[in-house]
Amino acid sequence: MGKENGPRRDLRHHFGCAAPAQASHHFPLSAFPFTLILMLTRRTVPGMLAATLSVTLIHAQTFPKSVQQQAAEHAEQERLTPAAPQSLADRRAALNALFDEIWQDRLAHNPEFASTIGDKRYNDQLTDYSVAAYNARLDRGREYLIRLGAIDTTGMTDQEVLSKDLMVRELVDQQEEAEFKPWEMPMTQMNGIQIDLPELVPQLSFQTVKDYDDYAARLDKVPNALQQVTDNAMSGIDDGRIPPKFVLEKVLAQVNVIANQKPEETPFAEPLKKFPTSISAADQTRIHTEVLDAIRTQVLPAYKRLAIFLTKTYIPAGRTDPGIWAIPEGDKYYAFLVKQSTTTYLTPVQIHQIGLEQVQKDEAEMTEIAHKLGFKDLAALRASIPTNPKLHAQSTDQLIGLYAHYIDQMRPKLPDLFGHLPKAPLVVAPVPAYMQQDQTQAYYEAGSPDGKRPGTVYVNFYKFQDRLITNVESISYHEGIPGHHLQISIAQELTGLPEFRHYTYYTAYTEGWALYAEQLGKDVGFYQDPWQDYGRLEADEWRAIRLVVDTGVHSMHWTREQMLDYFRAHSSMDETNIEAEVDRYIAWPAQALGYKIGQMEILKLRANAQQALGPKFDIRAFHDQVVDSGALPMDVLEQRIDAWIASQQGH
């Protein structure tokens, strides 16, 4: 869900090789490093669970002490007043009510997210970015964990138990992440309020006068939100938790694009360009005046103040070393981020080695294509690419047209690959101009669950003449269908599950699936153009390169130049994209690791199923098993596929 080709943050946030010959690195629920997971997912009676939970947490040194203390207090209360046994119906009702309470909590405290999925109750609000609000969220999360632990799931369906397990994981993850104070590094060129706010605008629905009035009220809150983020960054300076200087310079460029625009030219004025016919002329005039006034007097001055802070304070304090190891407890933080991204126990050293091996494998296959195209070796093929005009975009129309072509080409193949297809529409559009310079060549943004806003593959026009088109086919399948759009839309359309399951995100699953989708194009006979097949392999190698350079910079103390040199030595990607990619990995540690690790796991699971089932193997049924429960940690996906294989063998 990132820019590359993935959904960012909440929805964007946002991809057959054999697994390496080594022991499994996936962690089952019973082996999760936070013993709390084991306790909360056992189906014991509440009193016993709470008592056991308290003892376990007191000795679980890796789990946040605040949770240990709160669990102990709760357990003592349970011991003194043991709960009466409940019926299955009562326990099921309690679990569903708690899921809904947690979901409503998320919507109320993340109003921007609520707006993007069509819930307009908080349309006049912005997130509270203060440390106090963050701490309050952690307090609520600890209480939710204790309450989840008190609900016995004996007799419930597999999906109900899975929902509880996934919610516990999410809440535990939030508690562990808090140890590293992520709010103290709130802005990079890839993530941050400076781009979140303008990116929110096209995701909003403007149908009534109230929609516009809420929007104006929301704009009035921008100064406070930007000030809260600035305060958090100042705390980061005090604690030595600061992004690299050159990353902050990129943030300043993004902020200045907005700050130096006229109110009517900013992305925030976009909703004024076309009003619904149901809104009267008088209301349109009033709304137009009020929204532009809010942009002029609230939004733009706030962006200018943020630019001053970046210029005079934040950038001068920026760190010089690009790796996250350079901040306090940076190695420990990176280990957490690696686990979060991959949902495995793979270490940075192991991931680095996997990357080196996969780069070698892909280059062997690309060398075969080079020979078929008449080149003596891969180096000769790569040397020819920069001067071959047919491999570069000739116009923006051609570039966006190619993406649309390959997506349309895949559509009729989908029924052969899936039993369940999404209803949501998919469109292709250019990346907004204000953010083109620092984004990679394409990414996906999910549509709204009601289908009113389609899923969109965004194509970057920045320096289009420098952009290669050899990987457009693979990116089209990755971002569109059968990649992100298919998987995320199906997740949004699932019925009978708690709401949070429709929006659960695990990098290794979501991005691993999208990268697996690139391979599916090959499986159904596409990539007939050898240059596009080369582009597919280079795109796969690109994700393998990530394993090398991400671990290199954040764990092995590589410099930015070392990352660039490795990329250049193993890719014919143009310099514009190489630099954007390298800078992305520096700004967003470990996020890019999930793509290749997740893809390799899905391919391994498919190979296992094919071997176990033989002629009984059905690719459509396999894919439905993978995508029909929404995003899952890779170990949970493995358990589900193993259970499916066993059920098919029994038929």
| query | Say R0 is 25 Å: what FRET efficiency, to the nearest 0.05, do D397 and N260 get from their beta-carbon distance? | reply | 0.30
| query | Each label point is 7 Å from the Cα along the Cα-to-Cβ direction; what then is the distance between the points at H557 and T297, in nm? | reply | 5.5 nm
| request: With label points built 7 Å along Cα→Cβ from the Cα atoms of L373 and T311, find their separation and express it in nm. | output: 4.6 nm
| Mean Cβ neighbour count within 10 Å, used as a protection proxy, ranking 206-213, 437-444, 451-458, 220-227 highest first | 437-444, 451-458, 220-227, 206-213
| Rounded FRET efficiency, nearest 0.05, which uses the C-beta distance separating A326 from Q360 and R0 of 35 Å | 0.70
| remark: Restricted to the chain, the DSSP antiparallel beta bridge percent, nearest 5, is 50 percent
| field | Charge dipole (debye, nearest 20) of the chain; +1 at Cβ of Lys and Arg, -1 at Cβ of Asp and Glu | value | 200 debye
| said: Placing +1 on the Cβ of each Lys and Arg and -1 on the Cβ of each Asp and Glu in the chain, which of P432, P615, L637 has its Cα farthest towards the positive end of the resulting dipole? | reply: P432
| query | With a ≥ b ≥ c the root eigenvalues of the C-alpha gyration tensor of the range 247-318, is it rounded (a/c under 1.5), prolate (a/b larger than b/c) or oblate? | reply | prolate
| task | With Cα extents along the principal axes in Å defined as stated, name the option among (1) 84, 55, 49; (2) 78, 68, 52; (3) 80, 56, 44 computed from the structure displayed. | result | (2)
| query | Which whole-number percent is the relative contact order of the range 503-593 (Cα, under 8 Å, 6+ apart)? | reply | 30 percent
| Ignoring ligands, DNA and RNA, what percent of the accessible area of the chain is carbon or sulfur (1.4 Å)? | 54 percent
| query | Given the pairs K262/K423; K372/K596; K452/K596; K221/K274; K164/K616, which span a C-alpha to C-alpha distance of over 29 angstrom in this model? | reply | K262/K423; K452/K596; K164/K616
| Using θ = phi - 60° and Karplus 6.51 cos²θ - 1.76 cosθ + 1.60, couplings along the range 499-505 (whole Hz; Gly, Pro as x) | 4, 4, 5, 6, 10, 5, 9
| request: Could you list which residues have their amide H under 5 Å from that of D574, counting only those 5 or more apart in sequence or on another chain, with H placed in the peptide plane? | output: L468
| said: Taking a cut-off of 28 Å, what percent of all Cα-Cα pairs in the range 94-239 are separated by more than that? | reply: 31 percent
| note | Placing +1 on each Lys and Arg Cβ and -1 on each Asp and Glu Cβ in the chain, then taking the dipole about the Cα centre, the residue among H392, W103, I369 whose Cα reaches farthest towards the positive end is W103
| task | May I ask for the distance between the Cα centers of the range 501-567 and the range 407-465, given as a whole number of Å? | result | 18 Å
| Residues of the chain: accessible area per residue with a 1.4 Å probe, Å² | 38 Å²
| said: Could you order the peptides 273-283, 232-242 from most to least packed, using the average number of other C-beta atoms within 10 Å per residue? | reply: 232-242, 273-283
| note | Going residue by residue through the range 584-598, the Karplus relation 6.51 cos²θ - 1.76 cosθ + 1.60 with θ = phi - 60° gives ³J(HN,Hα) values, rounded to whole Hz and with x marking Gly or Pro, of 5, 5, 5, 6, 10, x, 6, 4, 6, 6, x, 4, 5, 4, x
| query | If you find the alpha carbon centre of the range 570-636 and of the range 276-332, how far apart are they in angstrom? | reply | 34 Å
| said: Let me spell out the model: positive unit charges on the Cβ of Lys and Arg, negative unit charges on the Cβ of Asp and Glu, origin at the Cα centre of the range 458-611. What dipole size does that give, in debye rounded to 20? | reply: 380 debye
| query | Taking the Cα centre of each part, how many Å lie between the range 90-131 and the range 336-355? | reply | 32 Å
| note | So, with points 7 Å from each Cα along the Cβ direction, the S235-Q207 label distance in nm works out to 3.9 nm
| task | Apply the Karplus parameterisation 6.51 cos²θ - 1.76 cosθ + 1.60, with θ equal to phi minus 60°, to every residue of the range 395-400 and state each ³J(HN,Hα) to the nearest whole Hz, in sequence, with x for glycine and proline. | result | 7, 5, 5, 5, 4, 6
| field | For peptides 528-534, 622-628, sequence by mean Cβ density within 10 Å, most packed first | value | 622-628, 528-534
| task | May I ask you to derive the FRET efficiency for K452 and L421 from their Cβ-Cβ distance with R0 = 25 Å, giving the value to the nearest 0.05? | result | 0.80
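The values are calculated or read from the model by the stated rules, or taken from the named source; none is laboratory data. If you're wondering where the values come from, they're calculated on a predicted model, not measured in any experiment. Cβ sites come from the backbone with ideal geometry, for glycine too, and all protein chains shown count toward neighbours. Note: accessible area is taken over every heavy atom of the protein model, side chains too, but ligands, DNA and RNA are not part of it. Shrake-Rupley method; radii C 1.70, N 1.55, O 1.52, S 1.80 Å.
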